[in-house]
Amino acid sequence: MSSRSAGLSLATQLFLLQVSVVALVLISGGVLTFLHTRGDNEVSAQRRVLDVAQTLARSPDLDGALRERDPARRLQPLAESVRHATGVDFVVIMNRDGVRYSHPDPGRIGGLFLGHVEPALRGRPFTETYTGTLGPSVRAVVPVFGSNSRVDGLVAVGITRAKISEQILHRIPSLAGVIALGFGLAALGALLVSRRLRRQTLGLGPAEITRMYEHHDAVLHAVREGLLVFGPDRRLLLANDEAIRLLGLHPDDDEGRPATDLPLPASLRELVVSGRNAVDEIHLTDDRTIVINQAPAMRDGRPLGTVTTLRDHTELKALSGELDSVRGFAEALRAQAHEAANRLHTVVSLIELNRPGEAVTFATAELAAAQQLTDRLLAAIAEPVLAALLLGKGSEANERGVEFLVTEDTEVVKVGVDSRDLVTLVGNLVDNAIEAALEAPPPRKVAVTVRADEQGTVVCVRDSGTGLDPGRVADAFTRGWSTKDTSGTKTRGLGLALVRQAVTRHGGTIDVTRDQGAVFTVHLPRTDALEDR
């Protein structure tokens, strides 16, 4: 491609190409039509002169005139009348020796006929193209049979090639008009197609389109965010590599499908089907926490569809859970420090009141109770993060007026699942239990059991709340479900959804029953046990 044509838009290049092809086709067609017409005219002229010659040769007066002393006296007027009536260029009547008895030029009467006559003398009519006294012509030579079936003479009828060409030239203007009309209609159609293509390609040239596609493809594969593009009809037009990875899509099968048919979580499907604006919405898949942004795509006020971006916050949520646990532990330490200060003041005051025995009893009792819980957790739970979480949640619960119990059968010697997921499970279940207990009248209690063995891990959390309606158990594990007011800015209804996600990721189960309050029991198989299946 030349540098000049490379600067033209794709629509312009297509228009020029179409016009050139149409012009070539029409000109070629015109030339072929001209040649075909010329051939048809020659064939028609041969047939015409043969018919005239045969008709004249069968005239009953012709044989008698040939036997007269001066045949030309009768035959010349007859031949000329036939010539004028039929529009041929010459009618020549001759004897067997080729001596003319008629000719358009009377001065050539009596001369020898120029051309072949042998087939006619043998009784067979024929046609040929020959150059005679009037120039090149298409002629027919026909025998004239006498009463004894003997060839007494010959009739030659011809039309000059110049006259045939003249007839063809008269058809050229109409042929040219048809070609011009066809070219005009084709050019108009090509122009309309070009204008439509120009609008669709935004006036870009092939090099620009290729460059844009290469950049577009490179960006889609390189960007770390997932990208989904939906058309105005809510069909999936594009999904980049990251979106395919995060959502488990199959590009060959899913691209072009309606959003309602895509294998997406219910909340995410509702979002993409609605096409509404979304800013940093959190959605959960079976094994990931995804932050979604969605906005409509517009051009010149015309909707083009929607663009949805996805960011994987699974690890961030796990780290946030651990951070919340550490923050809770720190708050617990702060609360304990505050209580320790109060107890210290009490001990000092008892000593000042000269009651040292009571001071020792008070101090050692408080320390023994706190140390007893700490020692039991550290001895029963080999995972320090989980132990710290339970200590922190215990302090938080006690500070909020909820009795927090870790059952005697709690024992986690060998963690069979990822510690982060275990913290997510226990932390969210305990938080949910504390909130439920606070909504019920006293006494408010939360009991936690965590057991891990070779088969897997069992987490059981009980609360003294009002319990969970069996008909709403499935809803409780969906994102956004909460018994509290959700009109504020704080994100609610995410804890149990994260629990369900972690359980699903590990192939576990969740049982929700009702005792005095709600009882959540989670069974998680060991990770290596899953891999052996």
* **Residue ranges of strands (runs of 3 or more DSSP E) in the stretch 29-145 with at least 3 members without any contact (Cβ under 8 Å) to a residue 40 or more places away in the chain** => 126-132
* To do: Could you identify the single residue in A433, A369, A363, A379 that is at pLDDT below 75 and open to solvent by less than 50 Å² (accessible area, probe 1.4 Å)?
  => A363
* **Residues that are part of a helix (DSSP H, G or I) and either touching a helix residue (DSSP H, G or I) at 6+ places or on another chain (Cβ under 6 Å) or at pLDDT 75 or above (or both), drawn from the stretch 472-500** => A476, G495, L496, A497, L498, V499, R500
* To do: Return the pairs, sorted by first residue and then second, in which the second residue is at pLDDT 85 or above and not in a strand (DSSP E or B), the first residue lies in the stretch 402-415 and is closer than 18 Å to K445 by Cα and open to solvent by less than 70 Å² (accessible area, probe 1.4 Å), the beta carbons are less than 6 Å apart, and the residues are 6+ apart or on different chains.
  => V402/I434; V402/A437; V402/R444
* G456 farther than 15 Å from D515 by Cα, at pLDDT 75 or above, open to solvent by less than 90 Å² (accessible area, probe 1.4 Å) and not hydroxyl-bearing (S, T, Y) -> yes
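Which count do you get for residues in the stretch 226-270 that are assigned to a loop (DSSP other than H, G, I, E, B) and either over 16 Å from the mean Cα position of the chain (by Cα) or of a type in the set (A, V, I, L, M) (or both)?
Applying the first criterion (assigned to a loop (DSSP other than H, G, I, E, B)) to the stretch 226-270 yields 231-234, 240, 248-250, 255-257, 262-265.
Narrowing further to those that are either over 16 Å from the mean Cα position of the chain (by Cα) or of a type in the set (A, V, I, L, M) (or both): 248-249, 262-265.
Qualifying residue count, the stretch 226-270: 6.
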* Asked: For the stretch 259-268, which residues satisfy the criterion of being loosely packed, with under 14 Cβ neighbours inside 10 Å and touching a helix residue (DSSP H, G or I) at 6+ places or on another chain (Cβ under 9 Å)?
  -> T260, D261, P263
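Is it the case, given these coordinates, that V450 is within 19 Å of L498 (Cβ to Cβ) and at pLDDT 90 or above? I'd like the intermediate steps shown before the answer.
On the way: within 19 Å of L498 (Cβ to Cβ): yes; at pLDDT 90 or above: no.
No: the conditions fail for V450.
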* Structure fact -> Looking across the stretch 345-357 at residues that are over 30 Å from V406 (Cβ atoms) and either surrounded by 11 or more Cβ atoms within 10 Å (Cβ to Cβ) or touching an Asp or Glu at 6+ places or on another chain (Cβ under 7 Å) (or both), the single one that is modelled with the lowest pLDDT is L350
* **Cβ pairs under 8 Å, 6+ apart, first in the stretch 375-396 and within 14 Å of G427 (Cβ to Cβ) and of a type in the set (K, R), second part of a helix (DSSP H, G or I) and open to solvent by 50 Å² or more (accessible area, probe 1.4 Å)** => K393/D431
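The values are calculated or read from the model by the stated rules, or taken from the named source; none is laboratory data. Predicted, not measured: the structure shown is a model, and the values here were computed from it. No Cβ is skipped: glycine too gets one built from the backbone with ideal geometry, and neighbour counts run over all protein chains shown. Side chains are part of the model used for accessible areas, which takes the heavy atoms of the whole protein and leaves out ligands, DNA and RNA. Shrake-Rupley method; radii C 1.70, N 1.55, O 1.52, S 1.80 Å.
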